[in-house]
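Since the structure comes first, as structure tokens, the remarks are kept for the end.
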Amino acid sequence: CNLTCLSGFYGLNCSTPCHCLGAACDSVTGDCPFSQSGVVIAVVVVSLFILLCILCCCCCGNDKNDPKNR
């Protein structure tokens with residue numbers, strides 16, 4: 001049909017509820033825009049990158065007596 005399902009439903013006659021954890025799903029397939037596992041992986045990768053940057057700044061090149069660090 002040409003009607004768009006209400007937010008939170010998809011499928012035939014818009015009768016199937018979405019399971020996208022607060023995000024709207026595709027009104028035809030029910031696919032979520034971001035899967036939960038994808039979000040968890042992204043958060044872990046970004047967190048590890050930030051931790052690596054902090055460790056690099058704290059541990060490397062912080063010798064104030066070194067003439068290269070002026």
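What percent do you get for the relative contact order of the stretch 9-58 when only Cα pairs under 8 Å and 6+ apart count? Don't skip to the answer; put the middle values down first.
Working: 40 pairs, mean separation 11.8, N = 50.
Averaging sequence separation for qualifying contacts and normalising by length gives 24 percent for the stretch 9-58.
Report ³J(HN,Hα) in whole Hz for each residue of the stretch 13-20, in order, from the Karplus equation J = 6.51 cos²θ - 1.76 cosθ + 1.60 where θ = phi - 60°; Gly and Pro get x.
6, 6, 9, 9, x, 6, 10, 10
Roughly speaking, to the nearest percent, how much of the stretch 9-58's 1.4 Å accessible area is carbon and sulfur?
Details: 2910 of 3920 Å².
C and S fraction of accessible area: 74 percent.
Could you work out the Rg to Rh ratio of the stretch 9-58, with Rh taken as the Kirkwood radius (inverse of the mean 1/r over all Cα pairs)? It would help to have the intermediate numbers written out before the result.
Working: Rg = 17.3 Å, Rh = 13.0 Å.
Ratio of gyration radius to Kirkwood radius for the stretch 9-58: 1.33.
The values are calculated or read from the model by the stated rules, or taken from the named source; none is laboratory data. Fair warning: this is a prediction, and the values are worked out from it, not measured in the lab. Accessible surface areas use protein heavy atoms only, side chains included; no ligands, DNA or RNA. Shrake-Rupley method; radii C 1.70, N 1.55, O 1.52, S 1.80 Å.
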